[in-house]
Amino acid sequence: MSDRFGGLGNANPDFQNADAHMPYARSLASIPHNAEALAEDEALSHYFGREEPRIRGAWLLRPPGDLHVARDAFSEVKRSVERAPSFYRHNQRDWYRLAGQNRKC
C-alpha cells in the first residue's frame, strides 16, 4: 500500500472505498505504474464485489511474462461467474467474456 490517495490510506488503512479505489488503480495502470496498479487491483479484488480488478490484474501480469498466473486468474474469473447467481452472471457478462478470450493468452 503505497502513498494511496495522497496519504489517506496510511491515515486510515482499514478504510475501503471502491468508488475511489477503482479509479485510482486504473490511473496507476494508465501512467503506467504497473507494479503499484497490480497491488491495488489485488487489494480491490478482496472487497470490490465485481470481476474488473481481477481481470485488470491478470492483464498487468501478461507483459512481464507471468502468463501462467494470468491464465489462472482468467480461469478463476470464469469459474467465479459460472458459480454465481444469475443476476451476477448478467452484470459481469462482459468481464466473463474477456476472461474467456484472454484465458488462452
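Structural remarks
- Residue list for the range 59-78, given a label point 7 angstrom along the Cα-to-Cβ vector of Q101 and an amide N cut-off under 19 Å: 59-63, 70-78
- Length gained on full extension, D94 to E76: 5.0 nm, using 0.36 nm per residue less the C-alpha separation.
- Simple spin-label estimate for A18 and H33 in nanometres, 7 Å along Cα-Cβ: 2.3
- If you take the Cα centroid of the range 24-41 and the Cα centroid of the range 50-79, the two points sit 14 Å apart.
- Each Lys or Arg adds one and each Asp or Glu takes one away; over the other residues whose Cβ falls under 13 Å from the Cβ of V81, this sums to +4.
Read the figures in this text as sums done on the coordinates, not as results from a lab. Bear in mind that the values here come from a model prediction, so they are computed numbers and not experimental data. Note that each Cβ is placed from the backbone with ideal geometry, even for glycine, and that neighbours are counted across all protein chains shown.
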